[in-house]
Amino acid sequence: MDIIQTSLPGVLVLKPTIHEDARGFFMETYRAEALAKAGIRDSFVQDNHARSTRGTLRGLHYQLQHEQAKLCRVVSGEVFDVAVDIRHGSPTFGQWYGVVLSDENKLQMYIPAGFAHGYVVRSETADFLYKCSDYHHSDDGRGILWSDPQLAIRWEISAPILSDKDRQSRPLSDIPRELLPRYEP
């Protein structure tokens, strides 16, 4: 597995080793010791699977009391996956990184706790799988406005399909500091 550093410290792209032959392919999608060598030492406690249609945008989500690291991949279709550093006091606060994850490129993105996360579906449908380092707590779920002009994320979509909750999210600059994760170097 190749580990690719991104512009955001801690956010990593993982490129698995793929063994292909006439039968198809085989790859490891999770190996704790390989991730530990890359500095990923989270214990993942929950797996999630979301199927969405073209133009669906989910995010930008985070939990405050139950922060989650995530290991994301796509098993069918294609998404543009985004991590945003929302840790108050971080040198990269408000910066984002995005990567295309698809069934063809088989890339994964690791997003540490303290980052907001979202993705938009670019294929007819997409099956998005992700591991979480803490359980989902609906009462702790928070969001940042997907179209926040200060973040200026290049989603390449102007009118996505959104949940009511995502539609009502606020820009990062409107979120009180006590409702954001804290940067701890």
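Quick note: the coordinates plus some simple rules give every number you see, no bench work behind them. From a predicted model like this one, the values you see are computed outputs, not experimental measurements. Quick reminder, even Gly has a Cβ in these numbers, built from the backbone with ideal geometry, and neighbours come from all protein chains shown.
Tabulated data
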item	result
Residues with amide H under 5 Å from that of residue 42, placed H, sequence gap 5 or more	none
Contour excess over end-to-end distance, with Cα ends at residue 105 and residue 183 and 0.36 nm allotted per residue	24.9 nm
Among 127, 21, 139, residue whose mean-square fluctuation peaks in a GNM of the chain (springs only between Cα atoms under 10 Å)	21
With at most 16 other Cβ atoms within 10 Å, longest stretch of the chain clear of loop trypsin sites (Lys or Arg not before Pro) (DSSP)	55-153
Within-11-Å neighbourhood charge of residue 77 [Cβ basis; K, R +1; D, E -1]	-2
Hits among lysines - C-alpha to C-alpha of residue 37 under 24 Å, sequence gap 8 or more where chains match	15, 70, 106, 131
